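Student: Quick one: this structure, given as structure tokens, is what I'll be asking you about.
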Amino acid sequence: MAALNCPVCDSDATGVLLIDRMNKEYHRCTVCQATFLDPSRFLSREAEHAHYLTHENAVDDAGYRTYLSKLAEPLLARLHPASSGLDYGCGPAPALAEMIQESGHSMSVFDPFFETDRSPLTQTYDFVTCTETVEHFHLPAAEFKRLSGLLRPGGLLAVMTIFQTDDALFENWRYRHDPTHVVFYREHTFAVLAQNLAMQCETISKDVVFLTKLP
């Protein structure tokens, strides 16, 4: 069987990491250390949308806001007054956008299922947020290139996703069992992405990384 090219960094230095009990194949890239599901097992768009509708997040949910503050607080500490941003993959309840707007910044939103107006993708921003979204990307290299293109020079891409760290736990990892999660990142994965995109990478805390577009 021919190796699959890594959807994150396009390397062909990949191999099978796991074939699970449902016969799903997960591959590992030895260059960027991303782990990804064989594309033949991706859900249809309709099934993916139906799964998202089972999520119960709300804009005013205190627990959800506390969770998002893991990214929001360090981001807000770095923003200049009245910055402009985009929440990419905001889902049906754009709580993060609301939190940032409450701090005096302007926010646009986009989501391929719930906020489908594409006009925000024709503009550029001081920052872009992407929380619990990148693990859903079917074509992550193209998506990250798009996100970089949405930033002005010096702009910041703030990403939150649960880092994959322990291969021994991968088969039973709850994050893997979400059928819409198709790619899993390590800290090193973002370092490789940043290098490929001419960005500076900084791990802020566990599962939060900031990528800054170089001038």
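Student: When you scan the range 146-165, do you find a residue that is over 28 Å from His80 (Cα atoms), out of contact with any Lys or Arg (no Cβ under 9 Å at 6 or more places or on another chain), of a type in the set (A, V, I, L, M) and in a loop (DSSP other than H, G, I, E, B), even just one?
Tutor: no
Student: Out of all the residues in the range 125-140, is one or more surrounded by 19 or more Cβ atoms within 10 Å (Cβ to Cβ), at pLDDT below 95, at positive phi and not in a helix (DSSP H, G or I)?
Tutor: No; the residues of the range 125-140 include none that is surrounded by 19 or more Cβ atoms within 10 Å (Cβ to Cβ), at pLDDT below 95, at positive phi and not in a helix (DSSP H, G or I).
The rows are residues; the columns are (1) farther than 21 Å from Thr124 by Cβ; (2) open to solvent by 10 Å² or more (accessible area, probe 1.4 Å).
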position	(1), (2)
Pro153	no, yes
Thr165	yes, yes
Trp173	yes, yes
Tyr185	yes, no
Leu193	no, no
Asn196	no, yes
Thr203	yes, yes
Phe210	no, no
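Student: Consider Gln101 against the criteria (1) without any contact (Cβ under 8 Å) to a residue 60 or more places away in the chain; (2) outside any helix (DSSP H, G or I); (3) open to solvent by 30 Å² or more (accessible area, probe 1.4 Å): it satisfies all of them except one. Which criterion is unmet?
Tutor: Condition not satisfied by Gln101: (2).
Student: A further question on this structure: Failed condition for Ser40, given (1) out of contact with any strand residue (DSSP E or B) (no Cβ under 9 Å at 6 or more places or on another chain); (2) surrounded by fewer than 14 Cβ atoms within 10 Å (Cβ to Cβ); (3) over 22 Å from Ser108 (Cβ atoms); (4) not charged (D, E, K, R), with all others met?
Tutor: (1)
Student: Kindly list the number of the only condition in (1) under 18 Å from the mean Cα position of the chain (by Cα); (2) under 25 Å from Phe210 (Cα atoms) that fails for Ala62.
Tutor: (1)
Student: Among the residues of the range 5-34, count how many are within 23 Å of Leu169 (Cβ to Cβ) and touching a helix residue (DSSP H, G or I) at 6+ places or on another chain (Cβ under 9 Å).
Tutor: Our first condition is that a residue be within 23 Å of Leu169 (Cβ to Cβ); within the range 5-34, this holds for 6-8, 14-34.
From what's left, touching a helix residue (DSSP H, G or I) at 6+ places or on another chain (Cβ under 9 Å): 6-8, 17-18, 22-25, 28-29, 31-34.
The total comes to 15.
Student: Sticking with this one: Which is in contact (Cβ under 8 Å) with a residue 60 or more places away in the chain and more than 19 Å from Cys6 (Cβ to Cβ), of Asp166, Asp117, Asp207, Asp126?
Tutor: Details: Asp166 fails: in contact (Cβ under 8 Å) with a residue 60 or more places away in the chain; Asp117 fails: in contact (Cβ under 8 Å) with a residue 60 or more places away in the chain; Asp126 fails: in contact (Cβ under 8 Å) with a residue 60 or more places away in the chain.
Just a single option satisfies the conditions, and that option is Asp207.
Student: Looking at the range 24-72 only, could you name the residues that are farther than 26 Å from Leu86 by Cβ and aromatic (Phe, Trp, Tyr)?
Tutor: Tyr26
Student: Next question. Is there any pair with a first residue in the range 78-95 that is in contact (Cβ under 8 Å) with a residue 24 or more places away in the chain and on the phi > 0 side of the Ramachandran plot and a second that is of a type in the set (A, V, I, L, M, F, W, C) and open to solvent by less than 20 Å² (accessible area, probe 1.4 Å) whose Cβ atoms are under 9 Å apart and which are 6 or more apart or on different chains, and what are they?
Tutor: Gly89/Phe110; Gly89/Cys130; Gly89/Val134; Gly89/Phe137
Student: Next question, about the same structure. How many residues does the range 1-37 hold that are assigned to a loop (DSSP other than H, G, I, E, B) and touching a Lys or Arg at 6+ places or on another chain (Cβ under 6 Å)?
Tutor: 2
Student: OK, next. For the range 141-150, state whether one or more residues are open to solvent by 60 Å² or more (accessible area, probe 1.4 Å), touching a Ser or Thr at 6+ places or on another chain (Cβ under 8 Å) and over 24 Å from Thr54 (Cα atoms).
Tutor: no
Student: Look at Pro81 and say whether it is open to solvent by 20 Å² or more (accessible area, probe 1.4 Å) and not in a loop (DSSP other than H, G, I, E, B).
Tutor: no
Student: I would also like to ask the following. Among the residues that make up the range 85-94, is at least one of them open to solvent by 20 Å² or more (accessible area, probe 1.4 Å) and over 28 Å from His27 (Cβ atoms)? So that I can check it myself, show each step before the final result.
Tutor: Going residue by residue through the range 85-94, those that are open to solvent by 20 Å² or more (accessible area, probe 1.4 Å) are 92, 94.
Subsequent filtering for residues that are over 28 Å from His27 (Cβ atoms) retains 92, 94.
Among the residues of the range 85-94, at least one is open to solvent by 20 Å² or more (accessible area, probe 1.4 Å) and over 28 Å from His27 (Cβ atoms), which makes the answer yes.
The values are calculated or read from the model by the stated rules, or taken from the named source; none is laboratory data. Computed from a predicted model, the values in this text were never measured in an experiment. Reconstructed Cβ throughout: ideal geometry from the backbone, glycine too, with neighbour counts over all protein chains shown. For accessibility, only protein heavy atoms count, side chains too; no ligands or nucleic acids. Shrake-Rupley method; radii C 1.70, N 1.55, O 1.52, S 1.80 Å.
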